[in-house]
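Peer 1: After the structure tokens below, expect a handful of questions from me.
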Amino acid sequence: MREALVEVKQLKKYYPITGGIFGRTIGHVKAVDDVSFAIRKGEAFGLVGESGSGKSTTGRTILRLTDKTAGEVKYKGVDLHAVSKQELRRLRPSMQFIFQDPYSSLNPRLRVGDAIGEALMDHGLADKSEIRERVQEVLSLCGLAPYHIDRFPHEFSGGQRQRIGIARSIILQPEFIVADEPVSALDVSIQAQIINLFSDLQEKKELTYLFISHDLSVVEHLCTRIGVMYLGSLVEIAPRDELFARPLHPYTRALLSAVPIPDPRLKRERIVLRGDIPSPANPPKGCKFHTRCPLATDRCKEEVPVLRLADSDHQVACHLV
Amino acid sequence: MSSIVTETAGLAGTRTGARRSSLWRDTFAKLKKNKVAMCGLVFLVIMFLFCFIGPFFSPYASGKVNTVMINKPPSMAHWLGTDNLGRDILTRLMQAGRISLTVGLAAMLLSVFIGSVLGVVAGYYRGVVDQIVMRFADILMTIPGLPLLFIIGAILSEWKVPTDYRIYIVMLMLSLIGWPELARLVRSQILSLREREFMQATESLGLRDHRKLFFHLLPNTIPILIVVATLRVGGAILSESVLSYLGLGVVPPTPTWGNMIDAANTLIDFQKRPWLWIPPGFAIFATVISINLLGDGLRDALDPKMKR
Amino acid sequence: MTNALLTIDHLQTHFFTPSGVVKAVNDISLRVREGETVCIVGESGCGKSVTAMSVLGLVAEPQGKVVGGDIRFDGVDLLQLSPLEKQQLRGNDIAMIFQEPMSSLNPVLTIGEQIMEPLWEHLLLSKKEARAKAIELISLVGIPRPEEIMNAYPHQLSGGMLQRIMIAIAISCNPRLLIADEPTTALDVTIQAQILDLLREIKETYNTAILLITHDLGVVAEMADYVVVMYAGKVIEEGPVLELFSNPRHPYTRGLLQAKPVIGQRKKRLNSIPGQVPNLIGLADSCYFHDRCESCMSVCRLKQPELKQIDDGHRVACWLYEEESGLA
């Protein structure tokens, strides 16, 4: 087993809910509620979950794009939430974030070349004379043309903009990339292009990914280990093949069976979950999934299951396993 | 477009087609369709040429007193007549326009500069900085602008500030009362912009603050700044005219449109010598209207929701 | 074979923008038979939603306009109807569900009021009857505690619940045709599964025809009887669902099927379609897919292929099959 590049320990991120005349805090949205996992060097770790599962917030908190509430995030042994702003800035180029929305993640007033090259300049990683060349290099690496360098973002389609966003990160030669739903805003044919780009880049640059997505098929394609989140907690972590062949948590199973498969001949037995995802401001007691779980027992309503090793390298948080 | 199938994506042309477009070109294209705004723009250009180039073609020096030709009505020699010191009104109108337009523009530039810098800083850093800047702005905004100007103007008159300096001081005064509103506007823009994903991207890229502020945030407020700044010029010209009319702004012999109207403050001048006050009055009126029309047109052209 | 309920013939819907005419729907023909689910599938900008809007008479004027073709519902020409007649048809015989349930419901009216409204309007029920019927409808779409929900406001419900409410409103007058525009795109997968099940149930119970518009081939495979694939405002392939998925002919359909990652069928590399969807303004007279197509021939750049029958019920618009059908 390779060493861990990123270690997340009991990470919590609560957002206060204010109310009343004086804006007192009357509760918390527990977006990330006690999450621990490790990402090994060179792997692509997938984080899947539905809306409100806290997967995006986890990604953002790991890179300290937002402050944590509790817990720690160690990147190469350094606690990212404890270091000074200067130290964090020094570390930034080696860990990058790729955003979901290719439209709002690019500054509309910045030419592509400036958007990609400015961080190099700001960090003093390249001479002014080099930058243009480096930008063109990374543009072609990401499947864009060198002449795109002087254009503005609005001249590009969604897929191309996502390529620009990727190029902007890659030029800093990062080791670790958090990608937050990078393909969910794109059409299928474009989605495939971007997924392929991600796997090419990983091969060429020996990158480590944290890949956040609601789409299990995308995660299966790209990731080697997968964590499943539900309402701010991790319910299952396993290597890809293990997870898809032998899902242990009832939620994982339901999620897997809910994904429509483009084959009309395939008639599957589907586990249709009852009800809605509860609000993360007011999660159910005990196991958070018990309100929708087809197998829930009385114990599930009272006791919170902990994430434990069910098999070598396969962790699950369920009383019934 | 018969491009060969390319392996790399995105070479086949972009969504907006072959035409290169930029914000300014698009804006101007939309503005051109707005006839009213274009009239304003054309009039302003003419006014500028009239004021800044016109005097070179005038046979009269603006301050030249001619005791023989006092208060003459318009004639072939003096197209707009002469005033009580026998000065050519047309020439003085041009000279006054220079001052009025310059004061308007300079006051606007200064207040936009102060307002946007303070607004960006307040909006980006929030907390204490924001509190100090915005409370100061609030205080300035609670005092009605004109009375404040009167007071400062009166003090200046007491101190006997040389007339040459007064026009700079008027500019300062006008920008002093102008910046709070702009700072507010910029700050509110920054507050919403800083939540956008591209600002989070700058954080993830580890960019320095000054880069985030002046390369990412400020350029995104430019469209709204331009609209407000344009309308501001009109306001500044009006305020300067009022001050000068009341003798608290720029004082004679330096001419401005405001103090030229002041020359007509006797009943006999008002009734019998309309050539003294109609030309400067019309100049103020038409210039301010043109600026407002242009400003409204710019607002429509720069607002992405107003696609027609 | 039952009669066609909805017939669209050579429909053309154009949008007039400052940069030129966008031919959003460019000569489309399709039919929906009684009790049949037809899926229109395609990527963003292919004109699938505009087709639905044209049927409902909801294309935003004056930028957009149906410039040609006709749309018949049960023999009635929809394009000739007066606004009042159109309104009566919508909601009564044709109902619709949209992608964003939140923005299709009025935030200041309770769920109950919004469900009862069409019952008064179209079925002329009394207040009491309408209330009873509304409660019945809410429980029919699988929402527990319908009395409580009647008094709730839209913001108090989740997206999945709201979509159920939209479906309840849509089926309240027993429509013969349900048009659903990306009804599950904004929802999570587990909720999507619930909604798709509900739609299937409605179809089976009431024999309602469904025109389902989606970009998700998985949804198509689960729901459709008949599939229409659109690209750049044109139908490029259509056929019964089994035939189309097992034997896709058009390079675009094939590419689309291969580009989608599928659980349990991992490939080293996804097959992607290179390039971008073309700009719909000023398209040349060629196959619109030619510059992304791997089997592009010279004729593809010069002439537009027509939709031709190649097998029973399977039609494709591609020069690759032109000779085959010519021989047959």
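Peer 1: Could you tell me the calculated FRET efficiency between A:Glu206 and B:His210, based on Cβ-Cβ distance and R0 = 41 angstrom, to the nearest 0.05?
Peer 2: Working: r = 34 Å, r/R0 = 0.82.
Once rounded, the FRET efficiency stands at 0.75.
Peer 1: Once you order the gyration tensor axes a ≥ b ≥ c over the Cα atoms, which shape class does segment A:251-321 get: rounded for a/c under 1.5, otherwise prolate or oblate by comparing a/b with b/c?
Peer 2: Details: a/c = 2.36, a/b = 1.45, b/c = 1.63.
Since a/c reaches 1.5 but b/c is at least a/b, the shape of segment A:251-321 is classed as oblate.
Peer 1: Can you classify chain B as rounded, prolate or oblate using the Cα gyration tensor, where a ≥ b ≥ c are the square roots of its eigenvalues, rounded means a/c under 1.5, and otherwise it's prolate if a/b beats b/c and oblate if not? All intermediate terms of the calculation are to be shown ahead of the outcome.
Peer 2: Working: a/c = 3.21, a/b = 1.64, b/c = 1.96.
Note, shape of chain B comes out oblate.
Peer 1: Additional query: Are there cysteines in chain A with no second cysteine's Cβ under 4.7 Å away, and if so, which?
Peer 2: Among the cysteines of chain A, those whose Cβ sits 4.7 Å or more from every other are A:Cys142, A:Cys223, A:Cys293, A:Cys318.
Peer 1: Sticking with this structure for a sec: What is the spin-label model distance, in nm, from B:Arg25 to A:Leu65 if the labels are put 7 Å beyond Cα along the C-beta direction?
Peer 2: For the pair B:Arg25/A:Leu65, the computed spacing is 3.2 nm.
Peer 1: If Lys and Arg each add +1 and Asp and Glu each add -1, what is the summed charge of the other residues whose beta carbon sits under 12 Å from the beta carbon of B:Phe215?
Peer 2: +1
Peer 1: Let me ask something additional. Give the dimensionless ratio obtained when the Cα radius of gyration of segment C:101-174 is divided by 2.2 N^0.38 Å. Please list the in-between numbers first.
Peer 2: Values: Rg = 10.9 Å, N = 74, 2.2 N^0.38 = 11.3 Å.
Normalised Cα radius of gyration, segment C:101-174: 0.97.
Peer 1: To the nearest 0.05, what FRET efficiency results for A:Lys267 and B:Lys35 with a Förster distance of 51 Å applied to their C-beta separation?
Peer 2: Details: r = 65 Å, r/R0 = 1.27.
With R0 = 51 Å, the Cβ-Cβ based efficiency is 0.20.
Peer 1: For the Cα atoms of chain B, what angle does the longest principal axis make with the long axis of helix B:274-302, in degrees from 0 to 90, nearest 10?
Peer 2: Once rounded, one gets 0 degrees.
Peer 1: From largest to smallest, what semi-axes in whole angstrom does chain A give when each is the square root of 5 times an eigenvalue of its alpha carbon gyration tensor? Intermediate values should be presented prior to the final figure.
Peer 2: Details: eigenvalues 249, 111, 73 Å².
Equivalent-ellipsoid dimensions as semi-axes: 35, 24, 19 Å.
Peer 1: Under a cut-off of 16 Å between alpha-carbon atoms, report the aspartates and glutamates in cross-link reach of C:Lys133, not counting same-chain residues fewer than 8 places apart.
Peer 2: Answer for C:Lys133, where 16 Å is the Cα cut-off: C:Glu113, C:Glu117, C:Glu121, C:Glu147, C:Glu148, listed by chain and number.
Peer 1: If you don't mind, there's one more thing I want to ask. Straight distance only, please: which lysines reach the Cα of B:Lys72 with their own Cα at less than 25 Å, same-chain residues fewer than 8 apart left out?
Peer 2: List returned: B:Lys64, B:Lys272.
Peer 1: Rounded, prolate or oblate: pick one for segment A:141-298, where a ≥ b ≥ c are the square roots of the eigenvalues of its C-alpha gyration tensor, a/c under 1.5 means rounded, and failing that, prolate if a/b is larger than b/c, else oblate.
Peer 2: Details: a/c = 2.19, a/b = 2.01, b/c = 1.09.
It is prolate, given that a/c is not under 1.5 and a/b is the larger ratio.
Peer 1: Could you list, by residue number, the cysteines of chain C that have no other cysteine's beta carbon within less than 4.7 Å of their beta carbon?
Peer 2: Cysteines of chain C left without a disulfide-compatible partner: C:Cys39, C:Cys46, C:Cys173, C:Cys318.
Peer 1: Something else: For peptide A:42-50, what's the mean number of Cβ atoms from other chains within 10 Å of each residue's Cβ?
Peer 2: Working: counts 0, 0, 0, 0, 0, 0, 1, 1, 6.
Average per residue, whole number: 1.
Peer 1: What is the sum of charges around C:Asp93, taking Lys and Arg as +1, Asp and Glu as -1, for the other residues whose C-beta is under 9 Å from the C-beta of C:Asp93?
Peer 2: Counting the neighbours of C:Asp93, the net charge comes to +1.
Peer 1: Would you kindly calculate the mean projected area, averaged across all directions, of the convex hull enclosing the Cα atoms of chain C, in square nanometres?
Peer 2: Numbers: hull surface 74.7 nm².
Average projection, Cα convex hull of chain C: 18.7 nm².
Peer 1: Near C:Pro251, within a Cβ-to-Cβ distance under 11 Å, what is the net charge of the other residues, with Lys and Arg +1 and Asp and Glu -1?
Peer 2: Details: positive: C:Arg249, C:Arg254, C:Arg292; negative: C:Glu237, C:Glu294.
For residues surrounding C:Pro251, the net value is +1.
Peer 1: Moving on. Greater than 26 Å separation of Cα atoms is the criterion. Which listed pairs, A:Lys128/A:Lys205; A:Lys68/A:Lys285; A:Lys55/A:Lys285; B:Lys33/C:Lys303; A:Lys41/C:Lys268; C:Lys48/C:Lys267, meet it? Please list the in-between numbers first.
Peer 2: Details: A:Lys128/A:Lys205 24 Å; A:Lys68/A:Lys285 23 Å; A:Lys55/A:Lys285 20 Å; B:Lys33/C:Lys303 37 Å; A:Lys41/C:Lys268 21 Å; C:Lys48/C:Lys267 30 Å.
Over 26 Å Cα-Cα: B:Lys33/C:Lys303; C:Lys48/C:Lys267.
Peer 1: Continuing with the same structure: Just grab the label-to-label distance for A:Arg253 and B:Glu195, each label 7 Å out from Cα along the Cβ direction, in nm (one decimal).
Peer 2: 4.2 nm
Peer 1: Work out the FRET efficiency for C:Trp120 and B:Lys272 from their Cβ-Cβ distance, taking R0 = 60 Å, and round it to the nearest 0.05. Provide the component values of the computation, followed by the final result.
Peer 2: Working: r = 75 Å, r/R0 = 1.25.
About 0.20, to the nearest 0.05.
Peer 1: Which helices, taking whole DSSP H runs in chain A, have alpha carbons extending 15 angstrom or more along the helix axis plus mean Kyte-Doolittle at least 0.5? All intermediate terms of the calculation are to be shown ahead of the outcome.
Peer 2: Working: long enough: A:112-122 (16 Å, 0.61); A:128-141 (20 Å, -0.57); A:158-170 (18 Å, -0.55); A:188-205 (25 Å, -0.03).
Helices passing the filter in chain A: A:112-122.
Peer 1: While we're on this one: Quote the convex hull volume per residue of the protein assembly as shown, based on C-alpha atoms, as a whole number of Å³.
Peer 2: Working: hull volume 224.4 nm³, N = 957.
Dividing the Cα hull volume of the protein assembly as shown by its residue count gives 235 Å³.
Peer 1: Report, to one decimal in Å, the Kirkwood hydrodynamic radius for segment C:216-299 based on all distinct Cα pairs. Mind dumping the intermediate values first?
Peer 2: Numbers: mean 1/r = 0.0705 Å⁻¹.
Hydrodynamic radius (Kirkwood, Cα only) of segment C:216-299 equals 14.2 Å.
Peer 1: Right, next: From the P(r) of segment C:1-85, can you give the percent of Cα pairs sitting at distances over 22 Å?
Peer 2: 26 percent
A short reminder: the numbers here are calculations on the coordinates, not readings from a lab. Since this is a predicted model, take the numbers as computed values, not measurements. Using ideal geometry, Cβ is built from the backbone for each residue, glycine included, and neighbour counts are taken over all protein chains shown.
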